[in-house]
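The values are calculated or read from the model by the stated rules, or taken from the named source; none is laboratory data. If you're wondering where the values come from, they're calculated on a predicted model, not measured in any experiment. So basically every Cβ, Gly included, is an ideal-geometry build from the backbone, and we count neighbours across all protein chains shown. These area figures cover heavy atoms from the full protein model, side chains too; ligands, DNA and RNA do not enter into them. Shrake-Rupley method; radii C 1.70, N 1.55, O 1.52, S 1.80 Å.
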Amino acid sequence: MTTPSQTVGPFYGFALPYAADWELAPEGHPGAVTITGRVLDGAGDPVPDALLEVWTGEAGARGALDRAGTGACGFGRCGTAADGSYRFRLVPPTRPYLALLVFARGLLKPVRTRVYLADVPDPLLGSLDPAGRATLLARPDGQDAYRFDVRLQGEGETVFLEF
Amino acid sequence: MTHPPYLYPDYASTVLRAPSRPPLPMKDDPEAAELTGPVFGRGEVDPLDADLTAGHAGEPLGERIIVTGRVLDASGRPVPDTLVEIWQANSAGRYAHQRDRHPAPLDPNFTGAGRCLTDGEGRYRFVTIKPGAYPWRNHPNAWRPAHIHFSVFGTAFTQRLVTQMYFPGDPLFAFDPIFRSVPGPTRERLVCAFDLDVTEPEWALGYRWDVVLGGTPMEDA
Ligand SMILES: [Fe+2]
């Protein structure tokens with residue numbers, strides 16, 4: 001009797017974002033990295049009204065909603081900007097990947113994927129062809145920074161997961 | 001099938017956003033990060049956030065309502081201390097969002113966003129006003145039935161749910177592709193029930209709606 005999913009719609013913006021929601025780790029936190037990217041639709045156009053949620057799998061020292069406490073936490077949220085871009089600052093977990101959920105108008109249920117920060121031996125990566133595997137690998141982009149785009153549909157479509 | 005499909009052409013925005021390939025099943029990784037999820041502390045959520053009629057200079061216009069229910073897992077166990085967030089249009093069908101162009105009035109006494117943590121028995125409870133129906137541009141003369149958007153976490157990231165709660169007997173159900181994207185009678189799970197026991201005399205109508213989160217693969221095994 002699971003409750004069905006419905007789209008997040010276009011108007012979540014005054015409700016779900018919270019202060020510094022994208023900053024799982026404060027600026028200057030030792031070991032923190034930045035991940036930036038864009039969400040693109042089947043025409044290659046940016047999705048300006050998506051909401052991304054990241055979960056590192058490790059709760060950390062401060063609460064998921066708390067951005068005043070010291071230390072990092074494992075959960076963050078970021079609404080995309082007009083150009084479809086998002087960003088997170090976080091401490092990479094022990095596992096080689098981050099769990100990512102994308103909600104948007106036009107998505108009746110979220111898509112979920114993983115952001116791999118390193119191309120390491122891994123059952124999921126190992127099960128994919130090179131093109132699919134490439135969609136899950138974040139690209140190093142300068143010091144302590146990565147890029148990761150989400151392509152919802154079409155060429156280079158991100159490999160999405162179902163649990 | 002409980003959930004709607006990604007591609008549902010009657011809802012036009014799905015056409016360019018639905019993935020073209022089915023998601024890859026992840027069944028055999030008991031160490032997956034997705035089987036855990038964020039934990040929320042009592043100190044992180046202000047209890048006043050559950051009253052959407054408060055926090056402004058005056059009372060919002062519209063029909064005051066109480067919306068309450070429980071968050072349950074797939075086997076019917078309550079999920080305590082989990083975050084429930086809601087957002088909605090005001091009684092005239094207008095969102096307090098800068099991109100909402102519906103020419104209905106904003107209400108200076110209503111923002112329409114609230115949140116709470118479930119209690120030890122998985123219960124949540126909001127005080128708000130009944131949202132109005134509103135038009136959208138999906139097709140000619142398209143109107144959304146009155147609804148409250150819900151966001152619920154659960155204990156694992158796999159259980160994360162964003163959905164919409166509707167009100168009983170809405171004549172717009174027959175015309176709304178978002179509601180109808182859910183297969184057959186399953187969509188009735190999105191409709192709350194009027195409840196006289198939740199209703200408070202001389203003050204507010206009461207509605208009851210339980211949220212049942214999906215199972216994790218480990219629980220199904
Ligand atoms: Fe809505």
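Looking across B:Asp170, B:Asp119, one residue alone is over 16 Å from the mean Cα position of the chain (by Cα), within 14 Å of the ligand (Cβ to nearest atom) and surrounded by fewer than 20 Cβ atoms within 10 Å (Cβ to Cβ). It is B:Asp170.
If you check A:Gly42, A:Gly57, A:Gly13 for being over 25 Å from A:Leu90 (Cα atoms) and at the interface with another protein chain (Cβ under 9 Å from one of its Cβ atoms), only one passes: A:Gly42. Only a single item in (1) within 16 Å of the ligand (Cβ to nearest atom); (2) open to solvent by 30 Å² or more (accessible area, probe 1.4 Å) is not met by B:Ala146, and it is number (2). Entry remark, region A:1-21: residues being in contact with a Gly (Cβ under 7 Å, 6 or more places away or on another chain) and open to solvent by 40 Å² or more (accessible area, probe 1.4 Å) number 1 in total. In this structure, B:Pro140 does not qualify as at pLDDT 95 or above, within 16 Å of the ligand (Cβ to nearest atom), open to solvent by 10 Å² or more (accessible area, probe 1.4 Å) and not polar (S, T, N, Q).
Pairing each residue of region A:11-39 that is over 30 Å from A:Glu157 (Cβ atoms) with any residue that is within 16 Å of the ligand (Cβ to nearest atom), provided the two are 6+ apart or on different chains, yields C-beta distances under 8 Å for A:Phe14/B:Trp87; A:Phe14/B:Tyr95; A:Phe14/B:Ala96; A:Phe14/B:His97; A:Phe14/B:Thr111; A:Phe14/B:Gly112; A:Phe14/B:Ala113.
Here the condition is being within 10 Å of another protein chain (Cβ to nearest Cβ) and in contact with a helix residue (DSSP H, G or I) (Cβ under 6 Å, 6 or more places away or on another chain); of A:Gly106, A:Gly132, it holds for A:Gly106 alone.
Output the residues belonging to region B:92-104 that are surrounded by 16 or more Cβ atoms within 10 Å (Cβ to Cβ), over 18 Å from B:Phe167 (Cα atoms) and away from every other protein chain (no Cβ under 11 Å). B:Ala104 - this is the single residue of region B:92-104 that is surrounded by 16 or more Cβ atoms within 10 Å (Cβ to Cβ), over 18 Å from B:Phe167 (Cα atoms) and away from every other protein chain (no Cβ under 11 Å).
The set of residues in region B:16-38 that are within 7 Å of another protein chain (Cβ to nearest Cβ) and exposed (fewer than 11 other Cβ atoms within 10 Å of the Cβ) contains only B:Pro25. When A:Arg105, A:Arg112 are checked against the criterion of being touching a residue at least 60 places away in the same chain (Cβ under 8 Å) and within 22 Å of A:Gly84 (Cβ to Cβ), a single residue qualifies: A:Arg105.
Yes/no per residue for (1) more than 11 Å from the chain's Cα centre (by Cα); (2) over 30 Å from B:Ser13 (Cβ atoms); (3) in a loop (DSSP other than H, G, I, E, B):
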{"residue": "A:Ile35", "(1), (2), (3)": "no, no, no"}
{"residue": "A:Gly57", "(1), (2), (3)": "yes, yes, no"}
{"residue": "A:Ala64", "(1), (2), (3)": "yes, no, yes"}
{"residue": "A:Ala68", "(1), (2), (3)": "yes, yes, yes"}
{"residue": "A:Phe88", "(1), (2), (3)": "no, no, no"}
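For region B:207-221, a residue qualifies if it is more than 10 Å from chain A (Cβ to nearest Cβ) and modelled with pLDDT of 65 or more, and the qualifying residues are B:Tyr207, B:Arg208.
Among A:Thr158, A:Thr94, A:Thr70, A:Thr135, which is farther than 23 Å from B:Thr158 by Cβ and polar (S, T, N, Q)? So the residue among A:Thr158, A:Thr94, A:Thr70, A:Thr135 that is farther than 23 Å from B:Thr158 by Cβ and polar (S, T, N, Q) is A:Thr70. None of A:Ala72, A:Ala50 is farther than 30 Å from B:Thr14 by Cβ, more than 7 Å from every other protein chain (Cβ to nearest Cβ) and not acidic (Asp, Glu) except A:Ala72.
The single residue among B:Asp100, B:Asp81, B:Asp49, B:Asp107 that is part of a loop (DSSP other than H, G, I, E, B), closer than 17 Å to B:His149 by Cβ and within 22 Å of the chain's Cα centre (by Cα) turns out to be B:Asp100. Taking region A:60-69 as the range and being on the phi < 0 side of the Ramachandran plot and either more than 9 Å from chain B (Cβ to nearest Cβ) or modelled with pLDDT of 95 or more (or both) as the test, the residues that pass are A:Ala61, A:Arg62, A:Arg67, A:Ala68, A:Gly69. Kindly indicate whether B:Asp81 is in contact with a Phe, Trp or Tyr (Cβ under 7 Å, 6 or more places away or on another chain) and charged (D, E, K, R). In short, yes.
Yes/no per residue for (1) open to solvent by 10 Å² or more (accessible area, probe 1.4 Å); (2) touching a residue at least 40 places away in the same chain (Cβ under 8 Å); (3) away from the ligand (no atom under 14 Å from the Cβ):
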{"site": "B:Arg64", "(1), (2), (3)": "yes, yes, yes"}
{"site": "B:Thr68", "(1), (2), (3)": "yes, yes, yes"}
{"site": "B:Asp73", "(1), (2), (3)": "yes, yes, yes"}
{"site": "B:Asn90", "(1), (2), (3)": "no, yes, no"}
{"site": "B:Leu106", "(1), (2), (3)": "yes, no, yes"}
{"site": "B:Ala113", "(1), (2), (3)": "yes, yes, no"}
{"site": "B:Phe126", "(1), (2), (3)": "no, yes, yes"}
{"site": "B:Trp136", "(1), (2), (3)": "yes, no, no"}
{"site": "B:Phe157", "(1), (2), (3)": "no, yes, yes"}
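Of the residues A:Val120, A:Val115, the single one that is touching a Pro at 6+ places or on another chain (Cβ under 6 Å) and more than 8 Å from chain B (Cβ to nearest Cβ) is A:Val120.
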